[in-house]
Amino acid sequence: MSGEQKRKAKGEQVKGKVKEAVGRMTDDERLEAEGRAEQAKGDARSAKEKAKDAFKH
């Protein structure tokens with residue numbers, strides 16, 4: 001996995017977790033949903049990069 005893409009994926013996952021947690025604490029369903037969506041985006045990016053790496057070797 002390229003280093004830049006790996007950092008982006010992890011950053012999206014962390015940012016999403018923070019948004020989700022803040023949304024829960026403030027009872028903001030929109031922010032909580034945004035956090036879950038951002039985590040999913042990071043998970044998808046990570047999975048894509050892992051698949052690319054698997055085919056390289």
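Bear in mind that the values in this text are calculations on the coordinates, not laboratory data. Worth saying up front: this structure is predicted, and the values here are computed from it rather than measured. Positions of Cβ are generated from backbone atoms using ideal geometry, with glycine treated the same way; all protein chains shown enter the neighbour counts.
I'd like to check something: does the range 29-39 contain any residue that is surrounded by 14 or more Cβ atoms within 10 Å (Cβ to Cβ) and in contact (Cβ under 8 Å) with a residue 24 or more places away in the chain?
yes
Of everything in the range 1-38, what is under 29 Å from Ala54 (Cβ atoms) and not in a helix (DSSP H, G or I)? Give them in sequence order.
Met1, Ser2
What are the residue pairs meeting all of these: first residue in the range 1-14, first residue in contact (Cβ under 8 Å) with a residue 40 or more places away in the chain and crowded, with 16+ Cβ neighbours inside 10 Å, second residue among the aliphatic types (A, V, I, L, M) and not in a helix (DSSP H, G or I), Cβ atoms under 9 Å, and 6 or more apart or on different chains?
Ala9/Met1
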